[in-house]
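The values are calculated or read from the model by the stated rules, or taken from the named source; none is laboratory data. Model, not experiment: these values are computed from the prediction. Positions of Cβ are generated from backbone atoms using ideal geometry, with glycine treated the same way; all protein chains shown enter the neighbour counts.
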Amino acid sequence: MSFIFKRLINTATKDYFKVFPKTFPEQRPTFKVDLRKLRKEYRGLQAINHPDLNQKLNQEEGASSVINHAYNTLKSPLNRSQYLLKLLKGYDVAEDEFFRTRQMADKELLMTILEIHEELENANENDIEGLKQENDARIQETVQELEKLYEAEDYDAAALGTIKLKYWVNIDTALKNWELGKPVELTH
């Protein structure tokens, strides 16, 4: 492993955008990501640093782990948004009481989630595909909203959008795990 890459990995444990200098040449955090470019750079870095492909196990294993974690964080809009909020503002959307309180104040969102939960519980196999398409549209719309909010540096609104996205992702998981007659579990 080169000296430069060692130094990069050490600083990248704090800032995952620095792990992928070709994807993020400005090396500054951003919500908008070219996923093809990220995946290509990830594969290239893993080819060089994967412990199974290299005899210098201890060093490369650490680098490989950082690369994997950085990639998995940045490729997912939800994980990326949570990471950005923590990195840029110190917000932990899942833990911060301020955002939990604001989330509960959004009655319209809560009613929508309750309605979707009820639809899932009453769904049959023919309904699931339509529910998936509706939820995919909600996810896409929320991701686009988040892109605009991050561009405007409106981090409080981005935090609330991230909470909303987390609900849609949880609904997506429930739809993927849906089985007729089984209880539907939505996590928050």
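Structure data summary
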{"read-out": "Counted residues, segment 1-56 - those being part of a helix (DSSP H, G or I), at pLDDT below 80 and farther than 30 Å from residue 140 by Cα", "value": "13"}
{"read-out": "Every residue from segment 159-188 that is in contact (Cβ under 8 Å) with a residue 24 or more places away in the chain and not in a helix (DSSP H, G or I)", "value": "178, 180, 183, 184, 186"}
{"read-out": "Criterion (closer than 19 Å to residue 132 by Cβ and within 14 Å of the chain's Cα centre (by Cα)) met by exactly one of 165, 175", "value": "165"}
{"read-out": "Residue tally, condition free of Cβ contacts under 8 Å to residues at least 40 places away in the same chain and among the basic types (Lys, Arg), over segment 110-140", "value": "1"}
{"read-out": "Verdict on residue 74 being modelled with pLDDT of 95 or more, in contact with a Lys or Arg (Cβ under 9 Å, 6 or more places away or on another chain) and either small (Gly, Ala, Ser) or closer than 21 Å to residue 45 by Cα (or both)", "value": "yes"}
